[in-house]
Amino acid sequence: MSKSTTETSKPQAIIDQVGITADTLTGRGGLSLFVRYLRGIDLCCQLEVFFGSMRKSRKGQAIADVFKQIFCFFVDGTSRHLVYFDSLKENEGYARATETAPEAMLSSHAVKRFFRGFWWPRIYLFRHLLQRLFLWRLRMEKPEVVILGVDTMVMDNDEAPKRHGVRPTYKKVKGFQPLQMTWGRFVIDAVFRRGDAHSNHSDTVEKMVRHVVEKIRKHYRADVPIVIRLDSGFFDQKLFDVFEQIKIGYVCGGKLYEEIKAYVSKVDRSSWGRYERGRELWEYVEMGDRRGSWKRFRRAIFCRPLCEGGQFVLEFARPDTVLYTNLGMGDVIDQGLVVAGRSDLLEVEGIIEAYHDRGSDELVHRALKDFGFEELPFKRFAQNAAFYYTMLTAFFLYESFKEDVCGELVEIGAYATTVRRRVIDIAAKIVRHGGRVILKVTVATWKGLRFEELWQRSGAPPRFAWA
């Protein structure tokens, strides 16, 4: 009689028992690439110059090693709680993957003491570090036109309202609202602020723009055209005067005053233009505008969408927008854009496109929140500021690592979650053989990630140099 087809044999892959191995294993093998990259760009010297004085004695840990472990904490992204450092301290595989001696791993108390050592003169050095990293990437890419974005980012700390600086924000949550300047995928400067500080609070924006423009012209190119994009929260004649004084271009959202709406409603339909890009369609009308306290007329463009994502927008649901700019008005910036081959930015269509590309600036904020976290761990404002700036620095280094090392493996715009799953969270075994420490991965990882190429690129990155 033939064997019954309903009977099943015991699968050979069933696990019957668990045990302990003495091998050094890690589930974050990709962190070795990031640490190797940090060593290759030679950032340690700059960290020691800025923050080396925090080390009180030779018995203390080197400042660069402390930052390395905190940067890896952000890139790992497993937890947002500082007590996670206590778990990492007991994980020999993680220590070896980050090229740290197990006894030198930081505890949560050591991290807290480190950030309590920061005060405002030292915290301000983070901004200098971010700007130097920006100049490093700027000289690498050599853009003909530098386009910057300025905006605020709300950090929701609603669960901890008693932390210093946690105030109600315009998004109806309590938290912080730092002012950030972006270039491409990078946050290049920031001012950590309390939650109720509005976009154009005090003279922070003016000082930030002046400082960054001066750095660009001094350390990159004196004649490079610079254009800055802002939303309506920065609509201010004083800012426009500053931008025109330092000879940069700007595209800023404006306020829809009743007289503007009344004027537009009387404009003949034949005077309206249309701008189409992909499945998007806008109609616009150009005019000159001079507010009551302004000393000069400025170029203004009233526009509204007719079609979004291939769907026509009903007339009552079309959001109106008015843009103000000094582009195309015969200023010095116009000549620079023509020489740089970007005369399209002087036309109405180019200005509308530049403003709507502000969406990419907001995506940087979303990418930063995906990489780090909004909820900050300390009660005092200064310590949270130092933690925030450390997160920004780690984010900048992560974006550079993604481009220089992982560019052929993941999309350049991929969020940190994707990079972690594909590159960082890989199993590895660390062995010592012949006096050398060797990181071993599976055949599937070796071939699928082209791990040898990643290893070579992480060991030979462009060196950090800002001057």
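Read-outs throughout are calculated quantities, based only on the coordinates presented, and are distinct from any laboratory measurement. Note that the structure is a prediction, hence the values are computed from the model and not measured. Methodologically, a virtual Cβ is constructed for each residue, glycine included, from the backbone with ideal geometry; neighbour enumeration extends over all protein chains shown.
Structure data summary
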{"quantity": "Centroid-to-centroid separation of segment 409-467 and segment 24-75 [C-alpha atoms, Å]", "calculated": "17"}
{"quantity": "Residue-averaged 222 nm ellipticity for the chain, from DSSP H runs of 4+ at -39500 (n - 2.57), nearest 500", "calculated": "-11500 deg cm²/dmol"}
{"quantity": "Given K89/K112; K112/K379; K174/K207; K174/K379; K112/K207; K172/K238, the pairs whose alpha carbons are separated by over 20 Å", "calculated": "K174/K207; K112/K207; K172/K238"}
{"quantity": "Cα gyration tensor category, rounded, prolate or oblate, for segment 122-371 with a/c compared to 1.5", "calculated": "oblate"}
{"quantity": "Burial ordering of C307, C72, fewest other beta-carbon atoms within 10 Å first", "calculated": "C307, C72"}
{"quantity": "Partner aspartates and glutamates for K68 [C-alpha distance under 14 Å; skip if fewer than 8 residues away on the same chain]", "calculated": "D42, E48, D76, E99"}
{"quantity": "Positive minus negative residues near P143 (Lys, Arg vs Asp, Glu; Cβ under 11 Å)", "calculated": "+3"}
{"quantity": "Dipole magnitude of the chain, debye to nearest 20 (Cβ charges: Lys/Arg +1, Asp/Glu -1, about Cα centre)", "calculated": "1820"}
